[in-house]
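This report refers to the structure that appears directly beneath it.
The values are calculated or read from the model by the stated rules, or taken from the named source; none is laboratory data. Remember, predicted model here, so these are calculated numbers, not experimental data. In this analysis, Cβ positions are derived from the backbone assuming ideal geometry, glycine residues included, and neighbour counts consider all displayed protein chains. Remember, those area values only see protein heavy atoms, side chains included, never the ligands or the DNA or RNA. Shrake-Rupley method; radii C 1.70, N 1.55, O 1.52, S 1.80 Å.
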Amino acid sequence: MDRSNPSKTAIESFLDPGYMDLEQVLDSIDYEVVPSARVFGKSGVELRRCPPGKRKLAVAISGGGASGAYTAGLLEVLLDRLRKRGIEVGLLVGTSSGALNGYGVFLQELGLGNPQFKSEPTVRQPYETFLASVWSYLARDGLASRWIVGKRSWIVRLASRGLPSDRARLWLVLAVLAVAVLLQPELLLPLAGLAAVAGIELPSWIVPDAVAPGAPVLFGRALFTTLLLCVAAWLVVRAFRQSLFPDLPLFRLLANTGPDGDLRRYPRSSRGQAIDRANVLSRNLVNAWYRRRRELPEFILTGTDLSAARECLFTLVRPETYALLLRRDWMTVQFDGDSKDADRYSSDRGALFALPECFLKSVVASTAVPGAFPTQRIRIYRTDATEVEHHHVVDGGVLNNSPIHIAIDAGATHVISLETQPLSKVGRSRKGKRRRATYGLLEAALATFTTVLERATDEDIRRTASWNRYLISRPRRREPGRGREGKGGHERRIVPLFRVAPRERLVGTVEFDGRFERGKRTMTPRDLLRQGILDMKGRNVWAATVRHEPGWKDPHRSSSSRPEEGEG
């Protein structure tokens, strides 16, 4: 097909090809659809080559908890193909577990990853990317959750797997009864009557000989049991007063991803040591990015700021991108460098900054599911202010699980969206494949949160495709508005969007140790990693530029002029 002077049909085929393989996607990145310049007549659109200097490819990585291992497999193939084609990633945007994956890619681009994955035989992995090596290493013994939540990994296994059998449930009930009788033997007093009828004499520690002599014993037992229960309740409240899981294991893991980290054994450093190591690594990473910022990709982490009650973006971006995000009314917090670098950002009105030591803390904050992990207290300041504000930040997926629109507002010309939930089918209800008829308390909470994330992703991509269709139908070059990138306002861009997602639901949010609800099949993060690699090598990329998902039909157009699902 001659793309230099394409017909209308060729443009439609470019915009709506259906499913594609990765090579077709990389071919499409060389082109863009722009409004045509016409002196007379109605304006239209045309297909042009996108110069590498103008192109800004963004990789938007959605959240998904344990399913993030699948996204790591996608990135393993994607980054290798991009490197071989000489295509550079201009922007990384991650939210929740996507923030962790984005951090892994960012670390590799800086060249400051843990060298043990290449040099140490006990840690080495058969993967090219640092990110895939981390996921594979954590799952080597089927206990990946202990690296994320530490000693409370038993809660993860209980929530994701439940009790293994009816016999286990029976033994649990018997154990609870045994403890109750041990603490309060008076619970056996109702048996005294039956024992008397049967001629059985119960011991005096259960049935005292007389009420008066036995009263001190009963009072002492009751007082001891009450104190014991109070201490147990205090310990439980103290252990879970902030969240279900602690954040210390994740800080330890991130601190060990740097050049000086040791992953040969599970880290057991104190909280102070882990935080100090994370702060030192954070400062080194931020300073390294500033020194090479013209040749490295930009990085954006999403968070939900509870103090400001809005979305919050933690960024390492160039000044022109930072100005774009501020003009789009995003709460954008740039990690500070030296004073000379900060001056270039502080000239923008509303500029916010965070200390470089808070970089890894922002990664942890982006993954902090409310209630499951504690909020992160991050210092945010303005260069012209005398006081430093402390903001409490939680999971970015609460408001922005799909960071596609963030990438577009940051100036992306092409977006590849890596997702963990399957593409939904419009007008169809997906049947649940559960073995159990009801949800447990924690299981229901996690399932609800996953549903919210999935719906937020779907709505965001739907809006993006709708905006592209609007621009195609009204192809004016510039849109008037307060944000000015030229004399006529800011430029209206048709952004090609490519979605990569699994064909079926993977694992739950916290199922790091692997289990499918649908049966006895076990899937570990290593299996998810391999599945992502296989999916990216196949014809599994949906071109969502104008149709956000397969099966969607534009009600304003005839069905005969659209390609059907899977066509391309």
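At 1.4 Å probe size, what's the solvent-accessible area of K84? Round to the nearest 10 Å². Accessible area, nearest 10 Å²: 140 Å².
The residues of the range 272-413 present an accessible area of 39 Å² per residue when probed at 1.4 Å with all protein chains retained.
Taking 30 Å as the cut-off for C-alpha to C-alpha distance, list the pairs among K54/K553; K84/K553; K56/K361; K84/K361; K54/K118; K118/K537 that go past it. K54/K553; K84/K553; K84/K361; K54/K118, as the Cα separations exceed 30 Å there. Could you give log10 I(q)/I(0) at q = 0.20, 0.28 Å⁻¹ for the range 229-280, computed by the Debye formula over C-alpha point scatterers of equal weight, without solvent? Treating every Cα as an identical point scatterer, log10 I(q)/I(0) equals -0.72, -1.02.
Simple rule: put +1 on each Lys or Arg Cβ and -1 on each Asp or Glu Cβ in the range 20-105, find the dipole, and look at G90, A72, G44; the Cα lying farthest toward the positive end is G44.
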